[in-house]
Every structure is written in structure tokens, then in C-alpha cells.
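The values are calculated or read from the model by the stated rules, or taken from the named source; none is laboratory data. Bear in mind the structure is a predicted one, so any value in this text is a computation, not a measurement. No Cβ is skipped: glycine too gets one built from the backbone with ideal geometry, and neighbour counts run over all protein chains shown.
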Amino acid sequence: MKKEMSSFDVRSVVNEMAVLKDAHMDKIFQWGNNVLLRINVQGQGKKDVFFKDKRWLYLPERKPETPVTPQSFATFLRKYLDNARIGEIYQAGFDRVVIMEVLKADRDYKLIFEMFGGGNVLLVLDGKIVNCLIHKTMRDRSVRPGEDYIMPKRRFDPTSSPFEEFMEIMRSSTSDAVRTLATGINLGGQYAEETCEVAGIPKNTRVDELSDDDLKRLFESMSSVVEKMMRGDGSILYRSGDDIIDISPMEMSIYSNYTAQRFDTTSKAIDAFITETEKAEAEEYVDPEIVKLQKRISKQTETVEQYKEESDDLKLKADAIYANYQQITELLAVLSEQSKKLTWEKLKEGALKIPFVPEIDPSKNRVVAEFDNIRIPLDYTEGIDSNASIIYQQSKDINEKAKRAKDALDVSLDELAKKEAGLAKTKAAMANKVQPTKQFWFERYKWFIAPSGRLVIAGKDAHTNDNIVKKHLKEDDLYAHADLHGAPSTIIKKGKDAPEEDLREACIYALAQSKGWVAALTDGSAYWVYTDQVSKTPQAGEFVPRGAFIIRGKRNYEYHLPMELSVGEITYENSRKVMCAPLESMKRLSNKYFVIHPGRGKAGKTAALMAKELMVPEEEVSRILPPGDAEIVRKVWPEESQNDEL
């Protein structure tokens, strides 16, 4: 299974990251070996750049779950790079190094992602390391703040290096074709094999056995492979059964017998690969404490069974004494009498002539009698009852040991059951781990989808109230506002032709997202107007504060609007979303939602409850709720025949 990105993967992802040029840095997160950049892209909303496990750099489809409190490296980067403009993003030669120019007003930084030697992220200014994720000293360079940043030694670049350099490296090799292409020519294993396959040259052929024509064919094949990669036609995930073999930004002849799953981008392929492998790893994960406990239980079980077997065997021998009472009584009497008269040798010689005596040891006064394959050890200085009593007692003692061992085994089994239940719960939680939904540009504002499918957006504060009108209010839109101070500017996109239902829903939303919710009003009024009625230009003597606008002309009022919203799951552009909207809009798009009113409940707890049931991060719910406290008054769920009153 693929363990890290190839240089081809890196080049493909760098091409995809071109969309980030001239965007601005928003937030930076770091946890463990993961670094995530959240970047504001004009007209496209926020995009993430995820450097995962110091091995994978890509644009994730879903927003990774980030820590609430940033760790030290992220805090440092935020201090230096907040709101910085993204410049060029490029690959260093054909190495697994990506350089992102991050430009501030007074200085230009480089954020460097290394995917070799264990991986690293470095902030560099004027050739010197300002800070880095991992501090280390190597033979040829020191990676620490204040040190010069030394690029990896230049290697052959198959995208630009000339044929003469190719020939020189190949001719100096003492290895075979595929190994030389993989290391010396910097193709990596799978692309070296692909080059040999396309050239029709066996990969294990020694380089010194190749003619100049063969080497020319290899160079042309390599150029063909590189050209396919540079076209950037998406990416392919190759499978053998359920196992993922490789990810490649192009079709590979060497994988012709494998199943190909196509993606629009290499980032999407990497995202799918990581999601699938993490799920498989979670399912296969075994707690080492459980393994240790299982070994202990196995040994304890073996001990209990051994004790039980020994106890049963002794009891069988004791029972056999009485089953052969006459013969054993006579044997003990004879040996007891003769042992007083004969030497050990003579006693042994005589005893072994008895048919049921296979063994005797006069030095220990011990004789073995055998009946029906049951060997019974006896002390011939004791009577038959004494011998039976000794063996019964031995059986009883071992049986007690077996009981104690069984008690210890039961304790271990209970402990194992608890640990396995905990592990199963953890695995289930990991399998059902909340996933953020796909983000859209309008999520920088408050928003909902009206019954007709039109988008309605509203400001969150004075700054976004200004932005929403200046940037997004177009000629064919309508503007809505609650009839009270402290309400958001609300825009119904393409609202000129909107049905009355859409206009009323937009007015309800403008009211509910206002300070009227904080005041816990039961109802209120709002109005809508045309675009040309909205102005920021005051008349003489007027003052228009930030986030406010002047409305001129007739206002189209909607009265007795309910102070009520709903939060639920919808599908928008084939993506799952969680939306906060007036109830009628939600009913058209969802059968899985909560109805909320202004209330006594704490907004954080309400958001957490809804997020848990909708299986999204809490932040995704809290940012779409109206201001102030909210109370859930009804829950509508697909598996329920009627609403649950809460």
C-alpha cells in the first residue's frame, strides 16, 4: 500500500494549488504532525491546505477536525502570517518539496513543506529559518531557527533535464535499468517500471547491457510518462480487490490488471485514500493492553484445565484403589513384611514379578500398581485407607488451586470484556466520527435556501453587512431587513422574480437573525425593497454608520412574522449541508431537523446537542444559529412517525 507521495503526486497537487494565488491566509492549525492552512479565496470561500503526518500535502474535500486551542507552532505562524497574501506555489525542481510564497506588506516569507527525511514545515525569511515544525541536525544541514535554509541537493529533473545528462547518469550506473531510473533519474519505483514498460525494455536489464538506442527509447518513454502527468487529467486510485495499490495522476500500463477508480484531482484521490486507510486501521486496531490480557487469559485457562485434569486423575487413582481392594491390600501387606527382611535389590526383584506392579522404589517405600492402564502410586508402609486418603487429599488440594485459578481467570475475563467494550465503542465512534460538510463561498455570511431554491444571504455583523451589499447585491436581487435596529442586511439572490413565499421567508429570517431574537420577541415585522432603493449615500445632515444603509421609497412589509427557525440536514449541489432556515424552507428540503425558538437554554448546549445528532462539528451548527439563547421545541426525524416534543 502507498505510504507517501511521489514527486509526480507533488507536482500534480502543486498544479491544483494554483487557485490559491493572491488568496489570503485566514487561520493556521497544528496538532501533532499535522498542519492545516485555512485560506480565503476570492469568490470561492475558504479552502484548506492540509499537510498530514508530514507525508501528505493536498486540498482536502472535507474540513479536518482542528483543535480548539492552537499549539505553539500554529500560534507562531499566525503571528507572522495572519492575513498574508499567497504568492507563487511551486515544487523545488522535481523533489518532494513545495514552496509557498507568503507575502506581507513589509516582508516576503516562504513556507516550505518537505516530504522527505521524515517531513517538515519551515518558515523562511531571506534564506534563514524563522521557525520549523521539527528541529533536527543532520550530516549535511541543520534545521533550526536562525540557521540558513539549505535546499536538498539538486537531483535529475525528468521534466526539464536534457538527454545528455540522462545518458551520463545511466552510463555511470552499475545497477539495472529500473533501479537507476528510480533513484538516479529521480522517477521513483512505479514510474521507473512504467518507463521500462512503455519502452519495451525488461526492467531488470543491467544498464551496461543497454545500447545507445535502448537508452534513447528509455528517455523518450520517460518524456512520454512525464507529458501524461503534466496534462493533469485528474488522478486514479488503483485497487487489487479491496487493497489500494497506488495513486497516480495518470493512467499506468503496469496497473492495467487492477481496478481503476478515477477522481477529478489528485487531492480528491489522496483524501479518499487517507479516509479509507484510516477507517481500515481503526477497524484493525488492537489495544496492546487487550493483547496482553488475552495472553494472560490463555495461560490462566491452560492452568485451570491442567489443575482440573490433575485433580480428576488423582481422584480416579484413589477410586481405583478401592476398586481393586483385595489385590492392593495383599500387595501392601507383603511388601511391608518383606521390606523388613530383604535387601532393596531382592525386594525390587521379587516385587517386579507381580503382574500388576510395573515399578518400585524401595528407597522411598514407593510402589506403583497398574489396573486398566491406571497407574496408582502407593506407600507400602501405609495401609490401603491411608494411601487412598493421601491421594484423595492431593486431589482436593489441586481442586482448590483450580478454583483459585478459575477465580483469577474470571477477573481477567471481566477486565477483557470491559476493555473490548471500550475498544468497540472507540472504534464505533471513530467509524461514525463527525465530519464537517463541504464549504461554500456564502458560508462567510448567514444563509439559507428559500422554497424556490433561491439563495438568501445575510450579514453577521457591521463588517459583513457592508460587504454583503457592496459585493453581492446585484440588479436582479432584492434586499430585506427587519423593522427594528440591530438586524442584518439580507439579500434574496435573483429575487426580482421570486414568489411571495420566498419573500416572506427572507423577512422571517431577517427578523430571527436580529436582536429581536435576543429580546425573545414572539413575533415582529420586516420589509423587502428593490436594489435601487438601497443606498450608502446620506443626504445633507445625515450620518450612515458602518453596516447600515438608507432605504428610499416604498417598503413592502410583512407583518406578524413568527420568531422561529429550524436547523436541519439538506442536500445542496450534491453535498450534505446543515442549514438554519425558516420552517417552511426547511420542510421543502429536509425531513430531519429541529425547530428552535428564543429560550432559556444556553446556545452552546443547544448547538452541541443538535451537532451530535446531525453528526457534524459543533462549530458548524453554532455559527449558523441566531444570536442569543435558543431552545429546541420540536424535533423531526425520518425514523419517527410524528414529532418529538422536547
- Query: Is region 527-538 home to any residue that is part of a loop (DSSP other than H, G, I, E, B), among the charged types (D, E, K, R) and under 42 Å from the mean Cα position of the chain (by Cα)?
  - Reply: no
- Determine whether Ala510 is buried (at least 22 other Cβ atoms within 10 Å of the Cβ), at negative phi, aliphatic (A, V, I, L, M) and assigned to a strand (DSSP E or B). no
- Query: Picking from Phe113, Phe73, Phe94, which residue would you name as being among the aromatic types (Phe, Trp, Tyr), within 19 Å of Lys153 (Cα to Cα) and at pLDDT below 95?
  - Reply: Phe94
- Message: For the condition touching a Leu at 6+ places or on another chain (Cβ under 6 Å), in contact (Cβ under 8 Å) with a residue 12 or more places away in the chain, in a helix (DSSP H, G or I) and not acidic (Asp, Glu), what is the one hit in Ile328, Ile391, Ile321?
- Response: Ile391
- Has region 137-148 got at least one residue that is out of contact with any strand residue (DSSP E or B) (no Cβ under 8 Å at 6 or more places or on another chain) and over 24 Å from Asn120 (Cα atoms)? no
- Query: Does Leu378 satisfy being over 30 Å from Lys406 (Cα atoms) and not in a loop (DSSP other than H, G, I, E, B)?
  - Reply: yes
- Message: Criterion first (in contact (Cβ under 8 Å) with a residue 12 or more places away in the chain, under 24 Å from Gln394 (Cα atoms) and out of contact with any His (no Cβ under 9 Å at 6 or more places or on another chain)) does Arg296 satisfy it?
- Response: no
- Go through the residues of region 12-21 one by one and say whether even a single one is at positive phi and either modelled with pLDDT under 95 or surrounded by 16 or more Cβ atoms within 10 Å (Cβ to Cβ) (or both). no
- Query: From the residues in region 462-505 that are among the aliphatic types (A, V, I, L, M) and assigned to a loop (DSSP other than H, G, I, E, B), which one is nearest to Ala548 (Cα to Cα)?
  - Reply: Ala487
- Of all residues in region 186-230, which are hydrophobic (A, V, I, L, M, F, W, C), under 27 Å from Arg96 (Cα atoms) and either in the same structural domain as Val97 (by TED's automatic domain parsing) or touching a helix residue (DSSP H, G or I) at 6+ places or on another chain (Cβ under 7 Å) (or both)? Leu187, Ala192, Cys196, Val198, Ala199, Val207, Leu215, Leu218, Phe219, Met222, Val225, Met229
- Only one residue in Gly146, Gly184, Gly234 is surrounded by fewer than 15 Cβ atoms within 10 Å (Cβ to Cβ) and at pLDDT below 95. Which one? Gly146
- Task: Name the residue, out of Ile185, Ile236, Ile201, Ile169, that is among the aliphatic types (A, V, I, L, M) and within 32 Å of the chain's Cα centre (by Cα).
- Result: Ile236
- Query: So which residues in region 474-494 are crowded, with 24+ Cβ neighbours inside 10 Å and within 41 Å of the chain's Cα centre (by Cα)?
  - Reply: Pro488, Ser489, Thr490, Ile491, Ile492
- Task: Quickly run through region 340-380 and pick out the residues that are of a type in the set (Ser, Thr, Tyr) and either surrounded by fewer than 17 Cβ atoms within 10 Å (Cβ to Cβ) or touching a Phe, Trp or Tyr at 6+ places or on another chain (Cβ under 6 Å) (or both).
- Result: Thr343, Ser363
- Message: Contact list please: Cβ distance under 7 Å, first residue in region 452-475 and in the same structural domain as Ala526 (by TED's automatic domain parsing), second residue in a loop (DSSP other than H, G, I, E, B) and loosely packed, with under 14 Cβ neighbours inside 10 Å, pairs at least six apart or on different chains.
- Response: Ser452/Pro499; Ala462/Arg546; Asp466/Arg546
